[in-house]
Amino acid sequence: MNPAGNHAMQIYLATVNASTGEDTPGVVELIFQADAVVQLVLLVLVFMSLACWVIIFNKFSMLRKASKNSQSFLDLFWKSRRLDQVYERADRMGPSPVGAVFKAGYVELSKLTNKDNEEPGGEIAAVASEENLARALRRAATVERTNLERMTTFLATTGSTAPFIGLFGTVWGILLAFQKIGLTGQASLSVVGPDIAHALIATAIGLAAAIPAVMAYNYFNARIRVLNDEMSNFSSDFLNIVKRHFGSM
């Protein structure tokens with residue numbers, strides 16, 4: 001290569017090194033240099049993201065235990081021949097949505113059978129007893145479903161609002177960039193680059209908070225739906241067993 005070419009290459013490399021030198025601010029530095037509004041947006045998004053991850057880990061552990069304990073209870077229930085034995089052993093098992101429904105039904109059944117023994121009733125009393133038992137099972141299933149769904153709404157809220165919160169930070173950063181252009185009369189990257197970078201960081205953090213929240217919310221809803229179906233099926237089976245063995249109660 002001729003001397004002129006070498007000289008041109010040296011100038012080019014010096015320009016590249018100057019534009020990408022070690023003094024270029026990193027992401028953390030850009031965050032600390034951002035406007036107060038953008039920093040507030042980033043703080044809110046980081047808080048929402050951390051809260052979502054805490055909920056995700058706790059809810060995953062809870063649903064896994066609930067599924068395992070429910071399956072263990074169903075195995076115990078169908079292998080046992082006496083409801084009182086199932087009730088005693090269910091108290092020693094871990095928390096189970098299906099087990100909780102059974103215990104509520106068993107307690108209500110005990111009340112009804114004791115009442116029928118003391119005050120025998122007719123067909124109307126039998127129908128009322130059956131409705132009371134079904135109502136107790138539904139109420140217990142509703143309580144368990146509410147417990148399973150607790151805090152999942154925060155995941156849905158984060159998934160739907162975090163991108164818009166990040167978009168607000170993005171719009172604010174771009175407004176600051178245009179404001180600087182109007183004040184300085186220059187549109188170079190050195191003038192508007194930091195504000196645009198702040199805006200893009202807000203968008204990125206908003207998406208980083210929303211995507212895992214939406215995925216976890218859909219996954220947990222599917223798991224909760226399975227447990228809810230198990231409670232509903234068990235309630236129907238329990239009512240059929242009561243009708244078959246206790247007749248008109």
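Derivation of every value follows stated rules applied to the coordinates shown; laboratory data play no part. None of the values given here were measured: they were computed from a predicted structure. Every residue, glycine among them, receives a Cβ derived from its backbone with ideal geometry; neighbour counts consider all protein chains shown.
Remarks
- Förster-model FRET efficiency, 25 Å R0, Arg64 and Thr153, C-beta, rounded to 0.05: 0.75
- The label-point distance for Lys79 and Arg138, in a model that sets each label 7 Å from Cα toward Cβ, rounds to 3.4 nm.
- Packing-based exposure ordering (other Cβ within 10 Å, fewest first) of Met48, Met93, Met231: Met93, Met48, Met231
- Among Trp78, Trp172, the ranking by other beta carbons within 10 Å of each residue's beta carbon, starting with the fewest, stands as Trp78, Trp172.
- By other beta-carbon atoms within 10 Å, ranking Glu131, Glu149, Glu108 with the fewest at the front produces Glu131, Glu149, Glu108.
- Across the stretch 201-210, rounded Karplus estimates of 3J(HN,Hα) from the backbone phi angles (6.51 cos²θ - 1.76 cosθ + 1.60, θ = phi - 60°) give 5, 4, 5, 5, 5, x, 5, 5, 7, 7 Hz, Gly and Pro being marked x.
- Calculated FRET value between Leu239 and Leu200, using beta carbons and R₀ = 51 Å, to 0.05: 0.30
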